[in-house]
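The values are calculated or read from the model by the stated rules, or taken from the named source; none is laboratory data. This is a predicted model, so every value here is computed, not measured. Surface accessibility is based on the protein's heavy atoms, side chains included, excluding ligands, DNA and RNA. Shrake-Rupley method; radii C 1.70, N 1.55, O 1.52, S 1.80 Å.
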Amino acid sequence: MQQDEWIPLFDGVSTQGWHNVGRDTLDSRWQAIDGTLALTAGGGGDIATDAEYGDFELELEWQVSPGGNSGIFYRAADRVPVWRTAPEMQVLDDAAAEDRHDPKHRAGSVYDVYAPSQPSARPAGEFNQMRIVARGGRVEHWLNGKLAARYDLDSDDWKRRVAASKFAAYPDFAVSRRGHIALQDHGDPVRFRNIRIRPLD
């Protein structure tokens with residue numbers, strides 16, 4: 001793996017390179033369908049890349065079903081539940097999902113820590129373009145070409161916000177600067193495609 005070289009994390013035709021968090025295998029509810037990595041039904045569990053990454057630029061497209069909810073974790077530990085160790089870029093149908101009422105839970109947010117700076121999610125059924133850039137403690141979330149969130153893991157602001165969030169009780173949350181990319185099973189069908197990463201370290 002070379003710095004600044006884009007690496008596909010999904011080949012469009014197989015689930016190679018992915019496994020269920022905390023396991024060596026992949027649940028059959030996660031499938032390669034029509035060029036997407038798709039969760040066909042809830043219960044498939046969260047999945048993670050076989051490889052780990054430190055500083056990186058990650059790009060992908062996601063599509064949720066009406067009312068759907070999912071997420072993208074990064075620098076995650078390979079253990080259940082993955083959300084206790086890793087920040088999450090929220091994937092959501094902002095128009096109809098149950099979780100839409102809290103701004104810090106909307107599409108593009110750093111889940112439960114930072115609300116997106118501007119609404120930019122497309123309607124359910126349409127693909128959204130997502131980008132995460134992580135360099136050391138500095139992280140950016142981009143959604144459909146617009147900056148959704150920016151934060152610094154070493155800042156007092158980050159520490160205050162985490163202390164006021166659901167993650168305050170989990171000392172391992174967002175501590176590691178290296179880990180897996182993970183996709184969430186929140187019980188709703190979701191599709192991802194054009195998943196690629198560019199290591200920056």
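If you take the alpha carbon atoms of segment 1-111 and fit the smallest convex hull around them, that volume is 117 Å³ per residue. Of the solvent-accessible surface of the chain, computed with a 1.4 Å probe over protein heavy atoms with every protein chain present, carbon and sulfur atoms account for 45 percent. Summed over the residues of the chain and divided among them, the accessible surface reaches 45 Å² per residue at a probe radius of 1.4 Å.
Taking 68, 17, 179 as the candidate residues, the one with maximal mean-square fluctuation in a Gaussian network model of the chain, Cα springs under 10 Å, is 17. Database remark: amide H of residue 120 closer than 5 angstrom to no amide H (H placed geometrically; neighbours at sequence offset of 5 or more, or on other chains; Pro and chain starts carry no H).
Kirkwood-type hydrodynamic radius, segment 89-163: 12.6 Å, calculated from all non-identical alpha-carbon pairs. The per residue volume of the convex hull around the alpha-carbon atoms of the chain is 105 Å³.
Taking 19 Å as the straight-line reach from the Cα of residue 146, the lysines in range (excluding those fewer than 8 positions away in the same chain) are 104. Summarised as an ellipsoid, segment 121-160 has semi-axes of 26, 11, 6 Å, derived from the eigenvalues of the Cα gyration tensor scaled by 5 and square-rooted, with the largest first.
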